[in-house]
Amino acid sequence: MPAEPFNRRVEVLVAVVDSPDETALATQLLEGRGWSVRPWTPDTDAGGNREGDDEASAIGSGRLGLLVEVRLYGARFGAVQAALSEIENLARRHQAGMWVVDAVLIEHDLAHDYRTVFHAHRRLPERPHPMARVLAWRTMLGIVTTVRIVKHPGRPGTEALAERLERRTLTRRPYDPEALRLRIPLGMEGRDPESPPPEPVVSTWRLALPLLTGLGVAVACGFAAAVADGLLMLLPLLLACSLVWPVGREITSRREARPLPFQLVWGAAAVGMMTALGALLALTAPGPPAQAALVFAYGALGGTLLALVLYGLGYALVHSWFSRNANWAVPALVPALALSLPWFGGLLHTTYLRSGFGVPSDALQVSVYWSYAASLKPVGLALGLAVVVLAFAGWMRHYHQWVHARGMVRIGVPLMSLFVVVISLAAGLAGADGAAARARATAASGQNPAAYYGVQGRLVCVEPREKRIAVFNGPLATTRPLLTFGASGDRVWLWDPRRGQSLSVRLEDVVVSQARAGTCS
């Protein structure tokens, strides 16, 4: 099985009982998790003398040190605690004599590149040529074939680097300065070692959240200015003007500080566009402004929650059992859903007919497409709530909180998902029962009830062909309308709104006609 991908590394110093068996057991357990293990030796001072006494007291007498590189997937937050808990739980489960002494997060500054990039391309011919000017412009723009790329820290000189390449002191590859020319593309200069260090890179969330908040407030200001009367419209416009500098600073100050006019121009453009968008939304939205503002707020909240759920779902499924077995798990779910959806739709139709009107489910033939349609809402709600639970678990996993409650997660997440699925399906059955209750009340008032996913009830007048006919659960009322959902074979099932009971007669024994004005003459 390939190793699990990771994006966090924690170096842990582990103290192990000074015994060959315990050391071998600890090494086997740690390497079995895909972590690298190497012996730890005390540091030495400048004279080469080992500071053994102090270092030995750090791990305890009678113990050896192992350096373990724990590899994790997730956020920086909680990574060190997760690595420590992983090793301690591993030692507790297997009764291994090892203890954590030190744990530190390994990080390198990969966001800042201090190197100068040199591109080597072939020199142009020295003799005059009609296309020499075009070729010179092509070289200046970099539209040439690059045959070598060298990246060197700091800002070394081009001649000095070419000399090193010619002497093959940098690499052993040959370099001909007569045929090749080094140049630095635009913007590829490295940082001067004597210059002050750059500011630490801020995460995308910390940059995007204030910016999105400012732009959202600008939209609200434009909306308020469009619906305000008189001088009150100046208040939201002044608030929008106060957002110009903060928004402009967030847009432009990504890598280095920009001049104030530059920030104001970008801020005015962004805030002005979003304010105009808010005003346009208020002027073109149907209905009163309060309703449009409420719809906009609900839309923004729904979009935010959807993004959180999608990110959490990705954190829960990526690099998991599901992602490793998706090639057969996803195709296996398709026929399961294809079979369960019509079954549950038939169960809803059965609940509607039998519980609501006492009519057998096989007395009415409903298309399988209506069975799918009836089950989509409750099954979709059940899957949606299960996805929310899974997304919450994904956020816990991303921030390494599963390690502290591994048993609860393994048991609680499936149970919670099963709970919300059962509750949603039960709500679907309760919805079918409620639809039947509304249909009974509508029929009792003398009107045809609304259709329920292909099941359409109609008030009809029934007249027997003879004086005495066979009636199941009679008597048969002939002076008032009865509710029917259609004939099934040679029989028709009816429901008496006054008695609240169902009855059935043979279709050849009665004459069924549509009730007019809610009465039967």
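Just a few scattered comments:
- Potential extension, R92-S320 segment - 0.36 nm per residue separation minus Cα distance: 79.6 nm
- Annotation: per residue accessible area for the chain equals 62 Å², rounded to a whole number [probe 1.4 Å, protein chains only].
- Prolate/oblate/rounded call for segment 434-521, Cα gyration tensor, a/c under 1.5 rounded: prolate
- Seen against the Cα atoms of the chain and their longest principal axis, helix 158-167 is set at about 80 degrees.
- In terms of its C-alpha gyration tensor, segment 280-320 has a prolate overall shape, because the principal axis ratio a/c (a ≥ b ≥ c, square roots of the eigenvalues) is not below 1.5 and a/b outweighs b/c.
- Accessible surface of the chain [probe 1.4 Å, protein heavy atoms]: carbon and sulfur percent: 61 percent
- For the peptides 437-449, 340-352, the ranking by packing is 340-352, 437-449, with the highest mean count of neighbouring Cβ atoms within 10 Å listed first.
- Where Rh is the Kirkwood radius over Cα pairs, Rg/Rh for segment 382-493: 1.34
- Contact order, relative form, for segment 467-520: 38 percent (alpha carbon pairs under 8 Å, 6 or more residues apart, mean separation divided by residue count).
- Within the chain: Cβ-based charge dipole about Cα centre, in debye rounded to nearest 20 (Lys, Arg +1; Asp, Glu -1): 2080 debye
- Think of the chain as having a plus end and a minus end, set by charges on the Cβ of Lys, Arg, Asp and Glu; of P342, A290, A26, P342 sits farthest toward the positive end of this dipole.
- For the chain, the longest principal axis of the alpha carbon atoms and the long axis of helix 368-398 meet at an angle near 30°.
- With N the number of residues in the chain, Rg(Cα) / (2.2 N^0.38 Å) evaluates to 1.60.
- On Cα atoms only, tilt of 406-444 relative to the major axis of the chain in degrees: 30 degrees
- Couplings 3J(HN,Hα) of segment 215-223, computed from phi: 5, x, 5, 5, 4, 5, 5, x, 5 Hz, in residue order, whole Hz [Karplus 6.51 cos²θ - 1.76 cosθ + 1.60, θ = phi - 60°; x for Gly and Pro].
- Distance (nanometres) between label positions extended 7 Å along Cα→Cβ at H121 and D362: 8.2 nm
- Accessible-area order (highest first, 1.4 angstrom probe) of the listed residues W402, W493: W402, W493
- Dipole-positive endmost among G412, L317, G358 within the chain (Cβ charges, Cα centre): G358
- Sequence-separation-based contact order of the chain, relative, with Cα cut under 8 Å and 6+ spacing, percent: 10 percent
- No disulfide-compatible partner, judged by a Cβ distance under 4.7 Å, exists for the following cysteines of the chain: C221, C241.
The values are calculated or read from the model by the stated rules, or taken from the named source; none is laboratory data. It should be emphasised that the depicted structure is a prediction, and the values quoted were computed from it without experimental measurement. So basically every Cβ, Gly included, is an ideal-geometry build from the backbone, and we count neighbours across all protein chains shown. Accessible surface areas use protein heavy atoms only, side chains included; no ligands, DNA or RNA. Shrake-Rupley method; radii C 1.70, N 1.55, O 1.52, S 1.80 Å.
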